[in-house]
Amino acid sequence: MHMSNDLPSLPGGDWSLGDRRVTRFGYGAMQLAGPWVMGPPADVDGAVALLKAVVERGITHIDTSDAYGPRVTNRLIRDALSPYPESLFIATKVGATRDAEGGWPVARRPDQLRRQVDDNLESLGVDALDLVNLRLGDAEGPAEESLAEAFETLVELQQQGVIRNLGLSNVTTRQGAAIELSREDLAELDAIGRQPALGPA
C-alpha cells in the first residue's frame, strides 16, 4: 500500500521507534473494540476499512494490545492488513489482562507475561512482535513498584527472537531510569517516563 500523491504530508515527520524509522503520527487502536474496550465493534466492516485507510494515508505506526476487546483489535488489524506492509510497525502492550467485569487486572508474573506475548503473536498472526511495551500502572498513573523481574522476562523472550524491541508504558522516570541503568545496551529512553521505546538488547 502507498499514500496517494495528492494527500498532505503527515504532521511531525518521522522518528526512531526501537530499530525502525516510523511516522511520528501513529494510530492508537484501543477504541476499535466495543464500549469500554470490551467485545467487537458495532461496525466490524467499518473498523477494517478504517485500518486500511490508516495505512493508505501513510501512517506506519499502530499501537494496540491483545487486552483490547480482549483479542479484538489485534484480530481486526490482522484481518484488515495481513500480509502486513514492510513499512508497518505494530507496538503492543503487556502487563494487564481483562476480566469478565471489564476490569484490567495486573498480570506481570513471568508466566502471565509469556502467555500475553504468545497471545499477541497468535492474534496478530506474526512470528515476532515489533515492539512490546511493559505497562506498569493504570488510568490513575504509574504504580510505585519495581518492574525489574517483569522486564527481564521480556528480555528473555527478546533473546529468543519473538520480540524485536522492548519499551515501557505508564512508568515513572525513576522506574525507567532504573531499567536504563541496569541495561547498558538499551537504545533510547523517553525522559518523561511514558511510552519510551527501547532498542534491541
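A short reminder: the numbers here are calculations on the coordinates, not readings from a lab. Just so it is clear, the model here is predicted, and its values are computed rather than measured.
Assuming 0.36 nm per residue, please report the length gained on full extension of the stretch THR173 to ASP127 beyond their Cα-Cα distance. Please report the intermediate quantities before stating the final value.
Values: separation 46, 0.36 × 46 = 16.56 nm, distance 3.17 nm.
Result: 13.4 nm gained on full extension.
State the extension gain, in nm to one decimal, for the chain segment bounded by SER87 and GLU101, taking 0.36 nm per residue of separation less the distance between their alpha-carbons. Intermediate results must be reported in sequence, preceding the final value.
Numbers: separation 14, 0.36 × 14 = 5.04 nm, distance 3.72 nm.
Using 0.36 nm per residue and subtracting the Cα-Cα distance, I get 1.3 nm.
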